[in-house]
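J.: What follows is a single structure, and I will ask about it in a moment.
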Protein chains: 2
Amino acid sequence: MITLYDPVQRSHAPETFLVAGRPQPIPERPERIDMLMQGVAAIGSEVRKPPAIDLATVGLVHDAGYLDFLVNLRERWGHVSQSSDIPLPNVYAIGRSSLPPATLPDAVVGQAGFYLGDGACPVTKDTLAAALGSAACAAEAARLVLKGERLTYALCRPPGHHAAADLAAGFCFFNNSALAAEMLTKGGKRTAILDIDVHHGNGTAAIFYDRADVLTVSIHANPKRIYPFFWGYADERGRGAGEGFNLNLPLERGTEIDAYKAALETALQRIADFAPEILVIAAGLDIAIDDPFKGFAIRTEDFTTIGVRIAQMNLPMTVIQEGGYPSPSLGVNLAALLKGLGA
Amino acid sequence: MITLYDPVQRSHAPETFLVAGRPQPIPERPERIDMLMQGVAAIGSEVRKPPAIDLATVGLVHDAGYLDFLVNLRERWGHVSQSSDIPLPNVYAIGRSSLPPATLPDAVVGQAGFYLGDGACPVTKDTLAAALGSAACAAEAARLVLKGERLTYALCRPPGHHAAADLAAGFCFFNNSALAAEMLTKGGKRTAILDIDVHHGNGTAAIFYDRADVLTVSIHANPKRIYPFFWGYADERGRGAGEGFNLNLPLERGTEIDAYKAALETALQRIADFAPEILVIAAGLDIAIDDPFKGFAIRTEDFTTIGVRIAQMNLPMTVIQEGGYPSPSLGVNLAALLKGLGA
């Protein structure tokens, strides 16, 4: 198995994010990389640095205006708020059927509220480079599978599955899983994404929401009481040509392996019906019982069980790191999952 | 002329709101009342305290879930964030065509992001009572016009025109202008709203966006570079049955009286075509040259000019206070406008 990792990903290191309206220490820290690397080492994986990625490649799944915004944000924000190192929106492009559609304004304060979806996507001077490094890992992991590898692992950090085509959110800037799936699709392979992060992969679902050529399936904690709150419900099934090509499987908080396995069967059955040639696994490890977000109660041995069951699909796979936050078991859980998957 | 005012409106007094991501002193202060009252005194208006309003009356223009949220917010927020006296969302129900529609979650943190639209609607323990007092002024001002008064003034504070049916935003909680218009409409009078606040009346427009029975017209600074940023563009004309019954007239920052008068002619022509029986004026005074938001360059004598021109419509009017922030001319500008209107 080949692991993709670029040291530039360490450089993104904001101190805080907003929780219930107050700045709190951010758990999406560079130290996650060390913990995940312990898991990679435990299974003896080769580690490669991916080739650099350009904005045009990231643009396969992201809006040109959004990329332009991220490239220029720091300089523009400095013109309106010299005291605020990290741009935090004070307005948001709230949307619902009762309002007219939101228009993108010119002012950077307005654009921040249009493109930054919440208080959990702080942009430091190093964020763009780190997010590009993260996306580069996903892109190379996909390329290697296209070239014949059976299993690749992209140690993507910052994560990506809450980022939509034109929206950063929830620690995510570029949607690494969507990028891998799009590159595989463009490479001629029918691709499904299985997102096992405890939080709904709302960005990934949104990117493919109107499309039938990429299947998105997510097993996650019921968003009624956990981030991303507004999306991830069972009735979100895709739209237009994409109707029926998104499957959300929300489970209650505290879910243990037995109930989880039942949902996994439903997910894999839908994937089997779709008959993909390659599977992208958006591998959030925050379903672990000791993850600080306390969503599900999945134990280390359960990660192996989950991996083994997915491997029975007998498909080439690229595993994209999503969430999973500092805890004693983060690295061993990764090793358990990858081992189950066949590493 | 009769002025409506309830002292409970003073009680809402948050210290800060977010500007470019940082807390800044909030200009929507109780002291505004003193300044506006000087204007009321200058024209010798009678001042009455309105009868108390109930939630059912506010519910004429607001969603039941939103009202329930505001009633219970403080207690529920205390359960998730004992350190944060003022609920500030950390997530937002961002909406655009590329995302699935946002669903209302159960958790108060999620509901805060659904119902509180930005960082400028801090809810203190006194906010609900003050906002109800403000709405009571608007309701009574409308009732008096229904009973035959030619001109009433509701000293509404907090203001209302950024609040939609299910959304607080921009210092606004209950949409006083929309409530007055709805009560007049229900009272059998064909009603138009002319919003002259420097910020687009996006909440008011949204409340009537799908309806043809109430015309909404707003003259405001181009939202490309000023709040509310995402709404207020000329192409927002209403929807469905309401198509053509919203008119946005954005003007560039720094606009002086000559260009303003041209836009006012366009607005009044559209209103004349609609042929209302009563006019609601959403009277933001922040078009003043010395207003801290520095949107337009309207002088005290211009307020009289504007009032005189509107009065030539020869319609009964209820004037609802919207924005207008501490400046030496706030009270005299109100007096100038009301005098022009015929007070």
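J.: Within a 10 angstrom radius of each residue's Cβ in A:116-129, how many Cβ atoms of other chains show up on average? Whole number is fine.
T.: 2
J.: Further question: Report the charge-dipole magnitude of the stretch A:57-124 in Debye, nearest 20, computed about the Cα centre from +1 at each Lys and Arg Cβ and -1 at each Asp and Glu Cβ.
T.: Once rounded to the nearest 20, the dipole reads 120 debye.
J.: When DSSP beta bridges are limited to those with both residues in chain B, what percentage is antiparallel, rounded to the nearest 5?
T.: Among the beta bridges of chain B, antiparallel pairing accounts for roughly 15 percent.
J.: Residue farthest toward the positive end of the dipole of the stretch B:18-144, with Cβ of Lys/Arg at +1 and Asp/Glu at -1: which of B:GLN24, B:LEU73, B:ALA142?
T.: Going by the Cα projections, it comes out as B:GLN24.
J.: Averaged over all directions, how much area does the convex hull of the C-alpha atoms of the stretch A:1-136 cover when projected, in nm²? Present the calculation step by step, with values, prior to reporting the outcome.
T.: Details: hull surface 41.8 nm².
Answer in nm², one decimal: 10.4.
J.: Roughly how many whole Å is it from the C-alpha centroid of the stretch A:98-134 to that of the stretch B:156-195?
T.: Centre-to-centre distance over Cα atoms comes out at 31 Å.
J.: Moving on to the next point. Per Stokes-Einstein, at 20 °C and 1.002 mPa s, what whole-number D in µm² s⁻¹ belongs to the stretch B:215-343, with the Kirkwood radius over Cα pairs as the hydrodynamic radius?
T.: In µm²/s, the coefficient is 142.
J.: Sort out the exposed loop trypsin sites (Lys or Arg not before Pro) in chain A (DSSP loop, at most 13 other Cβ within 10 Å) and tell me the longest stretch that has none.
T.: Numbers: sites that count: A:LYS125, A:LYS147.
My reading of the result: A:148-343 is the longest stretch.
J.: Is there a quick way to get the dipole size of chain B? I mean about its Cα centre, with the Cβ of Lys and Arg at +1 and of Asp and Glu at -1; what is the value in debye to the nearest 20?
T.: Details: 29 positive and 37 negative charges, 44 e Å.
That gives chain B a dipole magnitude of about 200 debye.
J.: Can you tell me how the stretch B:165-266 classifies by the Cα gyration tensor, rounded, prolate or oblate, using a/c under 1.5 as the rounded cut?
T.: Taking the square roots of the gyration eigenvalues as a ≥ b ≥ c, the stretch B:165-266 is prolate.
J.: For the ranges B:319-325, A:105-111, what's the packing order if you count other beta-carbon atoms within 10 Å of each residue, average per peptide, and put the highest first? All intermediate terms of the calculation are to be shown ahead of the outcome.
T.: Working: B:319-325: 29.4, A:105-111: 21.3.
By packing density, highest mean first, the sequence is B:319-325, A:105-111.
J.: A further question on this structure: Using alpha carbons only, what's the Rg to Rh ratio of the protein assembly as shown with Rh from Kirkwood? The partial results should precede the final answer.
T.: Details: Rg = 27.3 Å, Rh = 26.3 Å.
When Rh is taken as the Kirkwood radius, the ratio is 1.04.
J.: Moving on. Please determine, in degrees from 0 to 90 and to the nearest 10, the orientation of helix A:64-80 with respect to the longest principal axis defined by the Cα atoms of chain A, where the helix direction is its Cα long axis.
T.: Roughly 40 degrees, rounded to the nearest 10.
J.: Return a whole-number percent for the relative contact order of the stretch B:231-343, with Cα pairs under 8 Å and 6 or more residues apart as the contact set.
T.: About 26 percent, as a whole number.
J.: Right, next: Test of understanding: in a Gaussian network model of chain A with alpha carbons linked when under 10 Å, which of A:LEU99, A:LEU73, A:LEU128 would top the mean-square fluctuation ranking?
T.: Of A:LEU99, A:LEU73, A:LEU128, the Gaussian network model singles out A:LEU99 as fluctuating most.
J.: Hey, another quick one. Along the stretch B:33-48, what does the Karplus equation 6.51 cos²θ - 1.76 cosθ + 1.60 (θ = phi - 60°) give for ³J(HN,Hα), rounded to whole Hz, x for Gly and Pro?
T.: 4, 4, 5, 5, 5, 4, x, 4, 5, 4, 9, x, 6, 5, 10, 10
J.: How high is the relative contact order of the stretch A:121-206, in percent, with contacts defined as C-alpha pairs under 8 Å that are six or more residues apart?
T.: 30 percent
J.: Under a cut-off of 29 Å between alpha-carbon atoms, report the lysines in cross-link reach of A:LYS49, not counting same-chain residues fewer than 8 places apart.
T.: Counting by Cα, and skipping residues close in sequence, A:LYS49 has these lysines nearby: A:LYS125, A:LYS147, A:LYS186, A:LYS189, A:LYS339.
J.: Here is a further query. Restricted to Cα positions, what overall size does chain A have along the principal axes? Three whole-Å values, descending.
T.: The principal-axis extents, from largest down, are 54, 42, 39 Å.
J.: Would you be so kind as to identify which of B:ILE281, B:PHE245, B:TRP231 lies farthest towards the positive end of the dipole of the stretch B:225-294, taking Lys and Arg as +1 and Asp and Glu as -1 on Cβ and the Cα centre as origin?
T.: B:TRP231
J.: Let me ask another. So if I place +1 on the C-beta of Lys and Arg and -1 on the C-beta of Asp and Glu, and nothing else carries charge, what would the dipole magnitude of the protein assembly as shown be about its Cα centre? I want it in debye, nearest 20.
T.: For this selection, approximately 100 debye.
J.: For the rotation taking chain B to chain A, which residue of B has the Cβ nearest the axis, and how many Å away is it?
T.: Output: B:GLY95, 1.
J.: Looking only at the stretch B:194-343, where both bridge partners belong to it, what percent of the DSSP beta bridges are antiparallel (to the nearest 5)?
T.: 0 percent
J.: Here is a further query. To the nearest 10 degrees, how steeply does helix B:300-311 sit against the main Cα axis of chain B, on a 0 to 90 scale?
T.: The helix B:300-311 is inclined about 80 degrees to chain B.
J.: Could you give the nm distance between label points at B:GLU243 and A:LEU55, where each point is 7 Å from its Cα heading toward the beta carbon?
T.: 3.8 nm
J.: Among B:ALA234, B:ALA283, B:ALA135, which one moves the most in a GNM of chain B with springs linking Cα atoms closer than 10 Å?
T.: Greatest mean-square fluctuation among the candidates belongs to B:ALA234.
J.: Label points 7 Å out from Cα along the Cβ direction at B:SER98 and A:LYS294: separation in nm?
T.: 3.6 nm
J.: Please determine, in degrees from 0 to 90 and to the nearest 10, the orientation of helix A:257-274 with respect to the longest principal axis defined by the Cα atoms of chain A, where the helix direction is its Cα long axis.
T.: 90 degrees
J.: Which loop GluC sites (Glu not before Pro) in the stretch A:1-78, with loop taken from DSSP, have no more than 13 other Cβ atoms within 10 angstrom of their Cβ?
T.: Within the stretch A:1-78, the qualifying GluC sites (Glu not before Pro) (loop, at most 13 other Cβ atoms within 10 Å) are A:GLU15.
J.: Please give the Cα centre distance for the stretch B:273-343 versus the stretch A:1-25, rounded to the nearest Å.
T.: The stretch B:273-343 and the stretch A:1-25 have Cα centres separated by 50 Å.
J.: Along Cα-to-Cβ, 7 Å out, sits the label point; list in nm, shortest first, how far the one on A:LEU60 is from those in the other copies.
T.: 5.7
J.: Here's another thing I want to ask about it. Average partner chain C-beta neighbours within 10 Å, per residue of B:167-177?
T.: Rounded to a whole number, the mean comes out at 1.
J.: For the stretch A:37-110, calculate the relative contact order in percent as a whole number, restricting contacts to Cα pairs under 8 Å that are 6 or more residues apart. Before the final figure, lay out the partial values.
T.: On the way: 22 pairs, mean separation 16.6, N = 74.
It rounds to 22 percent for the stretch A:37-110.
J.: If you don't mind, another one. Just report the Cα centroid separation between the stretch A:216-246 and the stretch B:221-238, whole Å.
T.: 31 Å
J.: Could you work out, residue by residue across A:104-114, how many beta carbons of other chains sit within 10 Å of that residue's beta carbon, and then give the average as an integer? Intermediate results must be reported in sequence, preceding the final value.
T.: Details: counts 4, 12, 5, 7, 2, 8, 8, 1, 3, 9, 4.
For peptide A:104-114, the averaged partner shielding equals 6.
J.: Where both partners of a DSSP beta bridge lie in the protein assembly as shown, what percent of those bridges are antiparallel, to the nearest 5?
T.: Looking only at bridges with both residues in the protein assembly as shown, the antiparallel portion is about 20 percent.
Every read-out reported here was derived from the displayed coordinates using simple, explicitly stated rules and does not represent laboratory data. Owing to the predicted nature of the structure, the values given are computational and were not obtained by experimental measurement. Glycine also receives a Cβ, built like all others from the backbone with ideal geometry; neighbour counts cover every protein chain displayed.
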